[in-house]
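Below: the structure, in structure tokens.
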Amino acid sequence: MRKKIVAGNWKMNMNLEEGKTLVEGVLEGLPALSENKQVVLAPPFIHLASIGEQLTGKHHIHLGAQNCSYEGSGAYTGEISASMVKSTGAEYVILGHSERREYFKEDHAMLVKKINLVLENKMQVIFCCGEPLEIRDADTQNAYVQEQISAELFHLDATQLKNVVIAYEPIWAIGTGRTASAQQAQDMHAHIRSVIAAKYGQDAANDMTILYGGSCKPSNAAELFGCPDVDGGLIGGASLKAEEFLGIVNAM
Ligand code: PGA
């Protein structure tokens, strides 16, 4: 059975004390989850080690980073390497988020390097893809997302791909309050699964966890997660309040 995940991407929010309080609230309310379900928390880099300690020994809840450098180590002032992230106890790294693509000019070549470093460091990639509004309006979103996946993931072999989770995040739905409809999400997730099947075979596609992200909230999570190809969510704004985040976890 493929893995289901609800992951909280805190983005550049929460100082350390606020973050720890949020984690306490999440841990207090976390429901018992079946074996194939996981919760991931992705705080800012600087909180990883302390939040990692809070999560030690907690079943079904895992630590993730929001990014890492495309270089392995060396004279890159201010950068954080994949191996540093790994040393905090993190198991996941979000890569290819549209905010990083847009504001920090991350391109295919950089993302390929980052993905390789995360996998070399024995962590899992949460790979974000998704189209801007003008592409959706032109109804060319399938080709757009397919191009992101083929340019940035298709260098991986089938074994490496097992450590990748895909997050479909239509840019027009991120932080806008405008969620993709369950049908739009399902259609794209099924498309992504068919893209994976064409390259890696149907078994690999069936095993691929594909998350939806973009204004996911307790009120729409159950409908989105009820779609056959939607395996959970990558949650921004609603991951910053324990009650809201737990409402989404409960919908999984
Ligand atoms: P949002 O962000 O839930 O605030 O729309 C999702 C994301 O960017 O991962």
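The values are calculated or read from the model by the stated rules, or taken from the named source; none is laboratory data. Note that this is a predicted model, so its numbers are computed, not measured. Cβ placement follows ideal geometry from the backbone for every residue including glycine, while neighbour counts extend to all protein chains displayed.
Tabulated results
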| read-out | value |
| --- | --- |
| Residue in segment 24-79 that is nearest to Met12 (Cα to Cα), counting only those that are surrounded by fewer than 17 Cβ atoms within 10 Å (Cβ to Cβ) and among the β-branched types (Val, Ile, Thr) | Ile46 |
| Elements of type helices (runs of 4 or more DSSP H) in segment 38-135, at least 2 residues being touching a residue at least 40 places away in the same chain (Cβ under 8 Å) and more than 16 Å from the ligand (Cβ to nearest atom) | 48-55, 82-87, 108-120 |
| Residue among Leu30, Leu41 that alone is closer than 19 Å to Val164 by Cα and out of contact with any His (no Cβ under 6 Å at 6 or more places or on another chain) | Leu41 |
| Test for Ser34: is it at pLDDT below 95, away from the ligand (no atom under 16 Å from the Cβ) and in a loop (DSSP other than H, G, I, E, B) | yes |
